[in-house]
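Remarks on the structure that follows.
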Amino acid sequence: KLFRQSFLFLFSLLIRQASGSERLVGRRERLRERGKRTITGRATDFETASERSALAFPSLAPITAPAHVSFRMLHRRRSLFALILSLVVVVSTFAPAALAAEATFDRLWPSWRDTDSFDRITEFLGGSEPTGGRTLLRSQPDARAGYYFLLGVKTAAALTTGAKFELSVIRPDAPEPKLFSFAATAPSGDTVFDLGLTGSDWPGGKKANPVAWKLTLLAADGRVLAEHKSFLWEKPAK
């Protein structure tokens with residue numbers, strides 16, 4: 001929204017400048033022509049005679065436009081070119097930064113994790129499962145062992161209710177990709193997520209590795225905020 005408002009402001013400012021300079025040039029040309037006609041009566045008489053001869057002999061009338069008209073048209077073209085060039089510079093400078101600032105994946109590590117890797121002494125003492133500062137999300141919450149995607153996410157704005165991760169995975173046991181969704185809520189800034197395909201969602205166990213995968217972060221309104229995919233995801237099937 002901030003980029004859109006800034007772009008509209010710059011666009012309206014450039015249009016006002018172009019139209020103002022055009023009016024100024026037109027005013028100068030009118031004053032110049034008025035001065036030319038009032039310098040001497042001869043010039044006026046000559047112009048009047050030329051106009052009369054043009055009316056009497058249309059074939060001898062000049063076909064070229066007056067100098068001030070040609071100059072004004074040239075100035076309009078230059079103003080339009082300058083306006084287009086300025087807009088191109090503004091868009092190429094600020095648009096990529098605005099789009100890239102929504103969210104980024106800083107790092108991503110896919111790997112298998114056993115149930116024992118989550119055991120902590122605090123759970124034996126009656127505490128809840130420690131997360132180590134990460135947001136743990138599992139496809140089957142009751143199962144801990146599985147294939148996990150550990151990733152760091154940097155967002156410019158908070159991830160509100162409705163935002164989600166979509167993880168598409170081609171497993172070794174199935175040629176078609178399977179889609180898994182995880183709710184994503186987090187404040188703005190850096191957040192570490194641990195997305196796990198657990199239980200029957202990863203039947204191959206620790207010996208199985210995904211053939212290909214794609215991870216997408218979607219906003220609450222469905223916009224793609226960030227995306228990352230493996231090398232084999234876009235390779236054509238043979």
Next item on the list: Being closer than 29 Å to Gly133 by Cβ and touching a strand residue (DSSP E or B) at 6+ places or on another chain (Cβ under 6 Å) is the filter here, so list the residues in the range 153-177 that pass it.
Entry: Val153, Lys154, Thr155, Leu159, Lys164, Phe165, Glu166, Leu167, Ser168, Val169
Checklist line | Residue within the range 132-151 that is out of contact with any Ser or Thr (no Cβ under 8 Å at 6 or more places or on another chain), over 15 Å from His228 (Cβ atoms) and of a type in the set (Lys, Arg) present | finding: yes
Check: Within the range 136-163, how many residues are part of a strand (DSSP E or B), under 17 Å from Gly204 (Cβ atoms) and among the polar types (S, T, N, Q)?
Finding: 0
Margin query: Consider the range 142-163. How many of its residues are under 26 Å from Ala212 (Cα atoms) and either free of Cβ contacts under 8 Å to residues at least 40 places away in the same chain or charged (D, E, K, R) (or both)?
Written below: 3
Checklist line | Positions within the range 113-132 being hydroxyl-bearing (Ser, Thr, Tyr) and out of contact with any Pro (no Cβ under 8 Å at 6 or more places or on another chain), in sequence order | finding: Thr115, Ser117, Ser128, Thr131
Margin query: Can you say whether Leu151 is within 15 Å of Thr198 (Cα to Cα) and either more than 35 Å from the chain's Cα centre (by Cα) or surrounded by 12 or more Cβ atoms within 10 Å (Cβ to Cβ) (or both), as far as the supplied structure shows?
Written below: no
Next item on the list: Tell me, please, whether a residue that is out of contact with any helix residue (DSSP H, G or I) (no Cβ under 6 Å at 6 or more places or on another chain), of a type in the set (A, V, I, L, M) and in a strand (DSSP E or B) can be found in the range 119-135.
Entry: no
Note to self: Looking only at the range 90-110, filter to residues that are exposed (fewer than 11 other Cβ atoms within 10 Å of the Cβ) and out of contact with any strand residue (DSSP E or B) (no Cβ under 6 Å at 6 or more places or on another chain); which one of those is modelled with the highest pLDDT?
What the structure shows: Ser92
Next item on the list: Among residues belonging to the range 163-190 that are over 12 Å from Val153 (Cα atoms) and aliphatic (A, V, I, L, M), point out the one that is surrounded by the fewest Cβ atoms within 10 Å (Cβ to Cβ).
Entry: Leu179
Notebook entry, point to check: Mind checking which residues of the range 160-192 are within 17 Å of Thr104 (Cβ to Cβ) and of a type in the set (Gly, Ala, Ser)?
Noted result: Ala163, Ala184, Ala186, Ser188, Gly189
Checklist line | Filtered residues of the range 191-238 (kept if surrounded by fewer than 17 Cβ atoms within 10 Å (Cβ to Cβ) and among the small types (Gly, Ala, Ser)) | finding: Gly199, Ser200, Gly204, Gly205, Ala208, Ala212, Ala220, Gly222, Ala237
Notebook entry, point to check: Only one residue in Leu137, Leu195, Leu218 is at pLDDT 95 or above, over 21 Å from Trp109 (Cβ atoms) and within 34 Å of the chain's Cα centre (by Cα). Which one?
Noted result: Leu218
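The values are calculated or read from the model by the stated rules, or taken from the named source; none is laboratory data. The structure displayed is predicted, hence computed values, not measured ones. Note that each Cβ is placed from the backbone with ideal geometry, even for glycine, and that neighbours are counted across all protein chains shown.
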